[in-house]
1. Once you charge only the Cβ atoms, +1 for Lys and Arg and -1 for Asp and Glu, what is the size of the charge dipole of region 4-391 about its Cα centre, to the nearest 20 debye?
2. For a quick protection proxy, order the peptides 259-269, 79-89, 231-241 by their average other-Cβ count within 10 Å, most packed first.
3. Quick one: pull the percent of accessible area on region 4-391 belonging to carbon and sulfur, 1.4 Å probe, ligands and nucleic acids left out.
4. My understanding is that a pair violates if its Cα-Cα distance is over 21 Å; which of 246/377; 272/377; 11/252 do that in this structure?
5. Give me a comma-separated list of calculated 3J(HN,Hα) values for region 241-250, in order, Karplus coefficients 6.51, -1.76, 1.60 applied at θ = phi - 60°, integers in Hz, x for any Gly or Pro.
6. So, taking all protein chains as they sit and a 1.4 Å probe, how much accessible area belongs to residue 384, in Å² rounded to tens?
7. Note down the accessible area of residue 145, probe 1.4 Å, to the nearest 10 Å².
8. Which whole-number percentage describes the relative contact order of region 4-391, with Cα contacts under 8 Å and a sequence gap of 6 or more?
Amino acid sequence: MQGPLTQFLMKNPSVLIFLGLLSAFTIFAAIGSEAFGIGFISTSMIKTLGKTLCFCLIAIAMDLVWGYCGILSLGHFAFFGLGGYMIGMWLMYERTRLIVESSMANAALPPTPQEIQEAIGTQIFGVVGGAEIPAIWAFAHSLPIQLALVVLVPGLLALVFGWLAFRSRVTGVYLSILTQAMTLALALYLFQNDSGLRGNNGLSGLQNIPGLDHVPQSHISLYFLLASAFALGLGFVIAKLIVENKMGNVIKGIRDNEARVRFLGYHVETYKLFIFVLTAIMAAIAGAIYYPQAGIINPAEIAPIASIYLAVWVAIGGRGRIYGAVIGAALVSMLSSLFTGGQIPNIEVGPVNVVWVDWWLVLLGVSFVAVTLYAPKGIGGLIDMIKMERTK
């Protein structure tokens with residue numbers, strides 16, 4: 001007798017294929033890294049690959065909420081950034097505490113706890129003219145609590161926002177504008193120096209993991225790559241579990257004809273709220289893994305344009321296909337790294353000088369327009385067409 005998991009995998013072989021490819025990719029990167037392998041993949045490239053996997057995870061979240069449930073959210077990068085801020089607070093506080101305590105260890109008189117706190121506050125907030133540790137940093141010393149806040153803060157924000165929006169039956173472009181307004185309001189708040197999160201300076205030095213100063217960055221970057229791969233694999237499985245059962249049919253029905261689903265007796269608002277909160281948490285977890293690899297987070301990361309880019313990734317990969325979202329995010333992320341990282345030489349033809357860093361966004365926009373016109377189902381749709389042709 002087959003169990004539920006076996007039946008699910010038999011009905012969805014794409015899950016095993018995806019996990020197999022992800023495992024092979026991760027093993028290949030580990031072998032080729034400077035940490036344990038032969039070193040033909042640089043540490044900076046390992047970080048880029050890890051960050052790309054985090055982008056793939058938030059793309060899955062975006063595909064769930066938009067591609068399957070029909071909610072074009074232009075605010076999911078806000079949840080991504082909040083996850084980064086929550087873990088970044090612990091990283092910055094604990095690293096600063098260790099530095100302060102080490103520097104005060106040789107003092108003639110042992111420092112008091114108050115003096116240590118004042119020194120930590122000066123180190124962190126001196127750049128914005130402050131010295132006191134804000135109340136929102138009350139749990140920054142505790143890793144377990146901050147990890148819980150990675151889930152709770154974005155989840156609660158999504159719950160409150162979604163409940164207010166969905167109960168009012170705001171849909172379509174109006175809901176997209178509301179999510180964008182939420183993102184803009186959060187970014188503008190974080191830009192203020194008195195927000196308690198260092199304003200425009202953001203949180204920096206996040207790549208220096210407290211207590212692991214003796215561990216080289218080549219090893220730490222590989223650890224985060226493994227964490228990114230595990231989170232992506234888990235996110236893919238959860239997404240497939242949702243879309244391949246009754247709930248998946250309901251949310252796709254909401255996307256296609258919300259009024260008819262409501263007429264059939266389903267509480268549409270509950271389904272939409274569940275998907276909205278779940279995907280916000282997925283985005284936050286992706287951000288919590290991403291920013292220690294990036295090393296810095298500031299309010300510019302939460303700007304509405306970032307969420308628009310996210311929608312472009314999903315559209316290019318193929319909306320309504322989990323693997324399509326992964327393909328779109330991975331493709332755009334790696335191409336962005338190539339074009340903006342100086343790895344592709346600029347072109348000089350007479351008086352014309354093509355600087356790829358300046359032209360990358362133009363190329364991305366043209367790609368989005370081309371996909372919209374000639375492949376509206378994205379790269380995933382083209383793959384589906386090829387499969388259908390082969391089966392004929």
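1. Values: 20 positive and 18 negative charges, 310 e Å.
The dipole of region 4-391 has a size of about 1480 debye.
2. With the highest mean Cβ count within 10 Å placed first, the list reads 79-89, 231-241, 259-269.
3. 67 percent
4. Working: 246/377 24 Å; 272/377 23 Å; 11/252 19 Å.
Those over the limit are 246/377; 272/377.
5. Going residue by residue, I get 4, 6, 7, 9, 10, 4, 4, x, 5, 5 Hz, with x marking Gly and Pro.
6. Residue 384 has an accessible surface of roughly 40 Å² with all protein chains in place.
7. Accessible area, nearest 10 Å²: 60 Å².
8. 30 percent
The values are calculated or read from the model by the stated rules, or taken from the named source; none is laboratory data. As the structure is a computational prediction, the values presented were derived from the model and not from experiment. We place every Cβ from the backbone using ideal geometry, glycine too, and count neighbours over all the protein chains shown. Calculation scope for accessible area: heavy atoms of the full protein, side chains included, ligands and nucleic acids excluded. Shrake-Rupley method; radii C 1.70, N 1.55, O 1.52, S 1.80 Å.
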